[in-house]
Amino acid sequence: MEIVIEYVLIDNLVINFLILYLSALILKLNSRGLRSFSGAIIGAVCALITPMLNLPNYLLIIYKLLLGYIMVRIALKPVGFAKNVISYFVFLLLTAVMGGVCFGIVFMLSGDINGGFVLVYDAEIPVGVILLIVSLVSFAITKLVQKLNRKKLFNTFIFKAELKNLNKIDLLGNKMTKMRTVVG
């Protein structure tokens, strides 16, 4: 089996960074830059090591779940049990979405999976195209999260208000006799 180390390293680094960055964005954490990159490097290096481990499938799954937890702890630095659990599940959810996008693209381009959950890609389309598509999906998720946050923010600050001043005349020429403020 031939593994092109540069492709594995670059692909995993970019995808891991996007997943960790989006996780930080969704969780509204400020650790989006260097910390996300550090977690992505650990994930990419382990992606190079994983094919050489020759672990049974159940141990490989446990290994990858633990690796994901370590990446989340390094990149997002959640504090407290609840934030750890939520951060980890957001990371797993985004990993499933990004992994699904990658697998879908590779299978459309004649990809194959062998024994140890290793994806073999032998199409002539550059891997950069796949990364571009994954980046576009990440951008779309980012915009969706920002729009939902903005909508939530606006909905909490919109109130109907009515102001009336004592013995003042409004723009229509009507005399106002009471002063009151109604907020609802």
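The values are calculated or read from the model by the stated rules, or taken from the named source; none is laboratory data. These numbers were taken from a predicted model, which means no experiment stands behind them. We place every Cβ from the backbone using ideal geometry, glycine too, and count neighbours over all the protein chains shown.
Tabulated values for the structure
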{"item": "Candidates LYS83, LYS77, LYS64, filtered to the one that is at positive phi and of a type in the set (D, E, K, R)", "result": "LYS77"}
{"item": "Some residue of the stretch 34-49 being aromatic (Phe, Trp, Tyr) and more than 25 Å from VAL145 (Cβ to Cβ)", "result": "no"}
{"item": "Residue selected from the stretch 112-154 under the condition modelled with pLDDT of 75 or more and basic (Lys, Arg), by the criterion farthest from TYR7 (Cα to Cα)", "result": "ARG150"}
{"item": "Some residue of the stretch 67-86 being out of contact with any helix residue (DSSP H, G or I) (no Cβ under 8 Å at 6 or more places or on another chain), touching a residue at least 60 places away in the same chain (Cβ under 8 Å) and either within 25 Å of LEU148 (Cβ to Cβ) or surrounded by fewer than 17 Cβ atoms within 10 Å (Cβ to Cβ) (or both)", "result": "no"}
{"item": "Selection status of PRO51, under 19 Å from ARG35 (Cβ atoms), surrounded by 14 or more Cβ atoms within 10 Å (Cβ to Cβ) and not β-branched (Val, Ile, Thr)", "result": "no"}
{"item": "Of the criteria (1) among the β-branched types (Val, Ile, Thr); (2) assigned to a loop (DSSP other than H, G, I, E, B); (3) within 17 Å of the chain's Cα centre (by Cα), which one VAL79 fails", "result": "(3)"}
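This table checks each residue for (1) surrounded by 14 or more Cβ atoms within 10 Å (Cβ to Cβ); (2) in contact with a strand residue (DSSP E or B) (Cβ under 7 Å, 6 or more places away or on another chain); (3) among the aliphatic types (A, V, I, L, M); (4) touching a residue at least 60 places away in the same chain (Cβ under 8 Å).
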position: LEU27; (1), (2), (3), (4): yes, no, yes, yes
position: ARG35; (1), (2), (3), (4): yes, no, no, no
position: LEU60; (1), (2), (3), (4): yes, no, yes, no
position: LEU94; (1), (2), (3), (4): yes, no, yes, yes
